[in-house]
Amino acid sequence: MQTVADLITTARDTDAPLFVSSGGAADHSYESFLTTTWKAGNLLRHYGVRPGDSVAVAVGPNEPGADDQPGRMGVTPTPLLAVIGGLLAGGSVDLDPVTAVDAKVLVAPAAWIERYTPGPGTKPIAYGADATDPTVAQLERESWSENPVAPPVELDPMTTAFGGSDPHTHGDLLVETRRIVADYDFDSDTRVGLAAPMTPAVFVAGVLAPIMAGGTIVLGQAEQSPRVDVLVGSAPDGTDVQRIDPSTVLPGHNG
């Protein structure tokens, strides 16, 4: 296993829920979600993403409210379709896009699309709802019709996964994912909550590590969610769970 694509292929048959949330609003099996990441990767290729291209993803809730800020996951895993799909397509994912976007695609909640100014070669793609602009694609609907097979892309451990001033390769991500799984004793019973904005470090500890271990990712506020064993980020007062500080993940990088 050398790339994120290898991990997705290996993990698809895991017999456990991949995502759970309070009220079951966003429960997904490994097979259903990870197959859809293949579809998302094929959709991004349809819109021109090739190895080395930048994929800008504004992570947020499907329907962000006035207080929601880019980077924080909501109670559904939809933006991770774009993140993982971008990696499977060979793209270099940018999790903190600036207002003027110079990338092959920009993926954001429909409510936030107009915050960004796409470059002349950038295709905007909305998730969570339809954008008011008919030229903006819709992630979930268009991914659904794509082929449920791995994108035909040759990746290797040196392929850049996250770019910018502190780049990370697929190999970097998997080496650190294995360390997190071992150091924190992740297994198929481990439930991991996301309590920090999405960064490469949070993606490794809060998404890839539970996938590698066959565990479950819990979405939503920790105090309102099903059982959580490990929180990636800061724990609310009175929460007695193991915590992973994102600044300790991807040592030698800025995370």
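The values are calculated or read from the model by the stated rules, or taken from the named source; none is laboratory data. Nothing here was measured: the structure is a model prediction, and the numbers come from that model. FYI the Cβ positions are ideal-geometry reconstructions off the backbone, even for glycines, and counts take in every protein chain you see.
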Return a yes/no flag: does region 150-168 have any residue that is touching a Phe, Trp or Tyr at 6+ places or on another chain (Cβ under 6 Å) and small (G, A, S). yes
Working carefully through the options A26, A82, find the one that is buried (at least 22 other Cβ atoms within 10 Å of the Cβ) and under 29 Å from R227 (Cβ atoms). A82
In region 29-50, how many residues are surrounded by 15 or more Cβ atoms within 10 Å (Cβ to Cβ), of a type outside the set (A, V, I, L, M, F, W, C) and not in a helix (DSSP H, G or I)? 2
Enumerate the pairs (first residue in region 73-85 and farther than 16 Å from V153 by Cα; second residue anywhere and part of a helix (DSSP H, G or I) and acidic (D, E)) with beta-carbon separation below 9 Å, excluding pairs fewer than 6 apart on the same chain, so at least 6 apart or on different chains. T78/E140; L81/E140
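A quick yes/no check of all residues on (1) modelled with pLDDT of 90 or more; (2) assigned to a strand (DSSP E or B); (3) farther than 19 Å from F33 by Cβ:
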| residue | (1), (2), (3) |
| --- | --- |
| N147 | yes, no, no |
| P151 | yes, no, no |
| E176 | yes, no, yes |
| D185 | yes, no, yes |
| A201 | yes, no, yes |
| A205 | yes, no, no |
| I211 | yes, no, no |
| L231 | yes, yes, yes |
| P236 | no, no, yes |
Considering only region 92-116, state which residues are surrounded by 13 or more Cβ atoms within 10 Å (Cβ to Cβ) and either hydroxyl-bearing (S, T, Y) or in a loop (DSSP other than H, G, I, E, B) (or both). S92, L95, D96, P97, D102, A103, K104, Y116
Any idea which of (1) over 14 Å from P17 (Cβ atoms); (2) surrounded by 22 or more Cβ atoms within 10 Å (Cβ to Cβ); (3) polar (S, T, N, Q) is the one T216 doesn't satisfy? (1)
Subset tally (residues that are touching a residue at least 40 places away in the same chain (Cβ under 8 Å) and of a type in the set (D, E, K, R)) for region 46-68: 3
The residue from L43, L7 that alone is touching a residue at least 60 places away in the same chain (Cβ under 8 Å) and farther than 18 Å from F162 by Cα is L43
Can you name the residue in region 118-147 that is of a type in the set (S, T, Y) and surrounded by 13 or more Cβ atoms within 10 Å (Cβ to Cβ) and, of all such residues, is nearest to L80 (Cα to Cα)? Y127
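Quick one: would you say L155 is in a helix (DSSP H, G or I), touching a residue at least 40 places away in the same chain (Cβ under 8 Å) and of a type in the set (A, V, I, L, M, F, W, C)? Break it down stepwise before answering.
Numbers: in a helix (DSSP H, G or I): no; touching a residue at least 40 places away in the same chain (Cβ under 8 Å): yes; of a type in the set (A, V, I, L, M, F, W, C): yes.
When the stated conditions are applied, L155 does not pass them.
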